[in-house]
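Comments concern the structure below.
The values are calculated or read from the model by the stated rules, or taken from the named source; none is laboratory data. All values reported here derive from a predicted model rather than from experimental measurement. When we count neighbours, we look across all protein chains shown, and the Cβ atoms used for this are built from the backbone with ideal geometry, even at glycine. When the accessible area is computed, the model is the full protein with side chains, heavy atoms only, and any ligands, DNA or RNA have been set aside. Shrake-Rupley method; radii C 1.70, N 1.55, O 1.52, S 1.80 Å.
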Amino acid sequence: MNKVFSNPRWCTIAVALSAAVLFGTGCMPKERDFPTSPTLREFAGQHGILIGAAARPHLLVEEPQYADILAAQFNSITPETDLKWLHTEPEHLTYTWDNADAVAAFATANNQTIRGHTLVWPNEFYYITTPDYVRNAPDAATMQKYIDDHIEAVVTRYADVVHRWDVINEPMQTLGSGVDPNIITATLGEAWMVRAFQQTRSLDPDADLYINEALTERPGAKHSGLLALVGRMLDAGAPIDGVGLQSHFLFGAPSVQAMVSVMQDWEALGLKVAITELDIVTWLDNEEAQALQYENVVTACLSVAACGEITLWGFTDKHSWLNGFLGSWSTPLLFDADYLPKPAYAAVSMALAGEGN
Ligand code: XIL
């Protein structure tokens, strides 16, 4: 064995050095004194676009800093889980509205719009939001009735405060490029999706209606598959207004050019585009690289007229869903766990202000 690494003292030093290389600037003080005024919503307002964040209602009351930053910096809110089927109608015709109501009240009080996420999320790849009674429906007609009843109840209740609906979330296979063969689509075919859009339109004629999808932010097979699905649905009479690009970037954000190209494909169909769940994992503690990627996403959106919204999946690393999914090392958002603004915040702010690199 190598003599150096068989010596415990050298071994400890070697491990420490490797850790320093792996985790980059981990031991260095981090820059956190970026100005947070003018706010993101002030800059976004100058472009007429929405800057949003996913929110959790209990934090609005439990953590004053959470509520303060959400109100000050964002002009749109997406309830992170509280509009999902399992949370609003866990049993057929039995509703729980309290949490979604709390988000709606907060948004109204702070002059924010709400993105309604989501009426039906049929894909069960990593998280099931469709209650068992729907998935175990005795026959196709009953399953269709459950969907109709659900959409009617939720859309009727929130039509006044919700301005965009993710009518369907993730209709595609998560890692493939075709339509997801989940129990709902396997039972009802694509017709249920067309019907969901038509029903939502008739209940809330003023809202923009979206398909929201993961991993379609770059050109490629899944993006092409989604273009084909949306094309078929439009031909079948679905009133689709836009496509949501979730934008959970676990391994780095796309180049500006790649995102612009995807957005232009939707624009060519006459559709709007929204970035609906943006977060960018920090690898090797490299906050500067993360900031540059955030800047690229904002630049892409600002350069395509069809892109009217950038919503982040939270705003503080303290409460990112990725803390549970990956671990708290992922630090994917704009504010750190102490609510201090990171370089990513400054990059988004400067890109919105037109002062990016
Ligand atoms: C996530 C929430 O953030 C988590 O709190 C929940 O446990 C699982 O769902 N794509 C979506 C979002 O469309 O609804 C997901 O939200 C994240 C991935």
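Here residue 186 clears all of (1) over 27 Å from residue 159 (Cβ atoms); (2) in contact with a helix residue (DSSP H, G or I) (Cβ under 6 Å, 6 or more places away or on another chain) except the condition numbered (2). Here residue 270 meets each of (1) over 22 Å from residue 200 (Cβ atoms); (2) open to solvent by 40 Å² or more (accessible area, probe 1.4 Å) with one exception, condition (1).
Just one of (1) open to solvent by 20 Å² or more (accessible area, probe 1.4 Å); (2) away from the ligand (no atom under 16 Å from the Cβ) fails for residue 352. It is (1).
Could you tell me whether any residue of the stretch 227-234 is modelled with pLDDT of 95 or more and either acidic (Asp, Glu) or assigned to a loop (DSSP other than H, G, I, E, B) (or both)? The answer is no, given that none of the residues of the stretch 227-234 is modelled with pLDDT of 95 or more and either acidic (Asp, Glu) or assigned to a loop (DSSP other than H, G, I, E, B) (or both).
Can residue 323 be described as free of Cβ contacts under 8 Å to residues at least 24 places away in the same chain, open to solvent by 40 Å² or more (accessible area, probe 1.4 Å) and not β-branched (Val, Ile, Thr)? Against the criterion (free of Cβ contacts under 8 Å to residues at least 24 places away in the same chain, open to solvent by 40 Å² or more (accessible area, probe 1.4 Å) and not β-branched (Val, Ile, Thr)), residue 323 qualifies. Right, residue 212: open to solvent by less than 50 Å² (accessible area, probe 1.4 Å), closer than 25 Å to residue 351 by Cβ and within 16 Å of the ligand (Cβ to nearest atom) or not? Here the answer is yes, as residue 212 does meet what is asked.
Entry remark, the stretch 37-62: residues being buried (at least 17 other Cβ atoms within 10 Å of the Cβ) and not in a helix (DSSP H, G or I) number 9 in total. When the residues of the stretch 326-337 are filtered to those that are free of Cβ contacts under 8 Å to residues at least 60 places away in the same chain and open to solvent by 10 Å² or more (accessible area, probe 1.4 Å), which remaining residue is nearest to residue 289 (Cα to Cα)? That would be 331. Evaluated against (1) open to solvent by less than 20 Å² (accessible area, probe 1.4 Å); (2) farther than 15 Å from residue 164 by Cβ; (3) not in a loop (DSSP other than H, G, I, E, B), residue 115 falls short on exactly one condition, (2). Condition first: of a type outside the set (Ser, Thr, Tyr) and either within 16 Å of the ligand (Cβ to nearest atom) or buried (at least 20 other Cβ atoms within 10 Å of the Cβ) (or both). Now tell me which residues in the stretch 126-136 satisfy that. Selection gives 128, 131, 134. Out of all the residues in the stretch 336-357, is one or more within 23 Å of residue 243 (Cα to Cα) and in a loop (DSSP other than H, G, I, E, B)? The answer is no, given that none of the residues of the stretch 336-357 is within 23 Å of residue 243 (Cα to Cα) and in a loop (DSSP other than H, G, I, E, B). Each residue in the stretch 292-317 was checked for being within 16 Å of the ligand (Cβ to nearest atom) and free of Cβ contacts under 8 Å to residues at least 40 places away in the same chain, and 1 of them qualify.
Regarding residue 146, is this residue touching a strand residue (DSSP E or B) at 6+ places or on another chain (Cβ under 7 Å) and assigned to a helix (DSSP H, G or I)? Taking the combined requirement at face value, the residue does not satisfy it. Whenever a residue of the stretch 179-198 is of a type outside the set (A, V, I, L, M), its partners that are open to solvent by less than 20 Å² (accessible area, probe 1.4 Å) and part of a helix (DSSP H, G or I), lying with C-beta atoms within less than 6 angstrom and at least six residues away or across chains, give the pairs 187/143.
Okay, residues lined up against (1) within 16 Å of the ligand (Cβ to nearest atom); (2) open to solvent by 30 Å² or more (accessible area, probe 1.4 Å); (3) at pLDDT below 95:
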residue: 124; (1), (2), (3): yes, yes, yes
residue: 147; (1), (2), (3): no, no, no
residue: 177; (1), (2), (3): no, yes, no
residue: 195; (1), (2), (3): no, yes, no
residue: 206; (1), (2), (3): no, yes, no
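Answer with yes or no whether residue 94 is more than 16 Å from the ligand (Cβ to nearest atom), out of contact with any Pro (no Cβ under 6 Å at 6 or more places or on another chain) and hydroxyl-bearing (Ser, Thr, Tyr). Here the answer is yes, as residue 94 does meet what is asked.
For the stretch 244-271, what are the residues that are outside any loop (DSSP other than H, G, I, E, B), closer than 28 Å to residue 323 by Cβ and either over 20 Å from the mean Cα position of the chain (by Cα) or within 16 Å of the ligand (Cβ to nearest atom) (or both)? Result: 244, 245, 248, 249. Considering only residues in the stretch 74-86 that are in contact with a helix residue (DSSP H, G or I) (Cβ under 7 Å, 6 or more places away or on another chain) and open to solvent by 10 Å² or more (accessible area, probe 1.4 Å), the one that is farthest from the ligand (Cβ to nearest atom) turns out to be 75.
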